[in-house]
1. Just checking: which of the helices (runs of 4 or more DSSP H) contained wholly in segment 42-137 hold 1 or more residues that are surrounded by 15 or more Cβ atoms within 10 Å (Cβ to Cβ), of a type in the set (A, V, I, L, M) and in contact with a helix residue (DSSP H, G or I) (Cβ under 9 Å, 6 or more places away or on another chain)?
2. Within segment 138-158, which residues are crowded, with 16+ Cβ neighbours inside 10 Å and either among the aromatic types (Phe, Trp, Tyr) or in a helix (DSSP H, G or I) (or both)?
3. Determine which single condition Thr36 fails, assuming it passes every other condition in (1) at pLDDT below 90; (2) surrounded by 15 or more Cβ atoms within 10 Å (Cβ to Cβ).
4. Check whether at least one residue in segment 168-182 is farther than 27 Å from Asp3 by Cα and part of a loop (DSSP other than H, G, I, E, B), and report yes or no.
5. Could you check Asn156 against (1) under 20 Å from Lys18 (Cβ atoms); (2) among the polar types (S, T, N, Q); (3) modelled with pLDDT under 95 and say which number it fails?
Amino acid sequence: MYDYIFKYVIAGDYSTGKSAIVNRFLHNIYKHVNDTTIGVEFGSKIIYVKNKNIKLQIWDTAGQERFRSICTSYFKNNTCILLIFDPTRRDTFLHLKYWLNMLKTYVDANSLICIVSTKSDSSIKNINDSELQQFLHDYDLNYFQCSSKNNTNIDNLFYETAEIIINKINNNIIKEDDFKKLGIRPDVNKEIINLNNENKYKNDSKDIKCCIIS
């Protein structure tokens with residue numbers, strides 16, 4: 001049983017480590033070479049954050065240009081987009097602006113967009129720290145570094161982003177009226193169980209007969 005469903009979308013250029021992140025988080029598996037994602041792949045996992053059970057529905061999208069018309073439909077009605085780049089490949093960092101411009105067309109203003117750098121275990125870096133920090137400052141985005149190979153910061157990536165979203169719900173920044181367009185769903189079955197329990201107590205109360213003896 002869970003309290004909310006959050007829809008996560010993994011996006012970015014091909015071969016940046018998107019599927020490796022998902023496989024490590026969902027199954028604690030790492031492959032040196034992952035199969036190429038064809039279109040979109042799906043997985044889910046329930047995590048416990050801020051006293052809530054959150055079911056993450058994770059959509060891993062292909063980075064190849066020929067699949068982008070398919071993948072863009074998954075950018076709508078999402079809770080969080082993790083935009084991935086590979087710091088050993090400078091082109092994947094430069095393409096982040098392209099992805100962010102494309103997301104503007106589909107993503108709600110309250111959707112959480114985070115930049116994620118893979119391969120933090122690698123000594124090869126083709127991006128200067130100063131230009132990365134400037135980019136993050138210009139776009140005002142959350143940033144995470146991780147390594148699927150070493151299993152570094154993978155769980156934190158999902159737990160911390162989920163916590164940001166829950167805090168927005170608790171602080172009424174994300175309102176219940178916003179849930180549908182943000183891909184957020186409360187557990188309907190849990191609500192039905194609670195409602196049935198409330199009705200049960202009400203019905204039981206009607207059967208209680210009391211008398212006063214004087």
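The values are calculated or read from the model by the stated rules, or taken from the named source; none is laboratory data. In this text, all values refer to a predicted model and were calculated from it rather than measured experimentally. Methodologically, a virtual Cβ is constructed for each residue, glycine included, from the backbone with ideal geometry; neighbour enumeration extends over all protein chains shown.
1. Where helices (runs of 4 or more DSSP H) fall fully within segment 42-137 and carry at least 1 residues being surrounded by 15 or more Cβ atoms within 10 Å (Cβ to Cβ), of a type in the set (A, V, I, L, M) and in contact with a helix residue (DSSP H, G or I) (Cβ under 9 Å, 6 or more places away or on another chain), they are 96-106.
2. Phe144, Ile154, Leu157, Phe158
3. (2)
4. As a first pass, look at segment 168-182 and keep what is farther than 27 Å from Asp3 by Cα: none.
No, because not a single residue in segment 168-182 is farther than 27 Å from Asp3 by Cα and part of a loop (DSSP other than H, G, I, E, B).
5. With (1) under 20 Å from Lys18 (Cβ atoms); (2) among the polar types (S, T, N, Q); (3) modelled with pLDDT under 95 applied to Asn156, the lone miss is (3).
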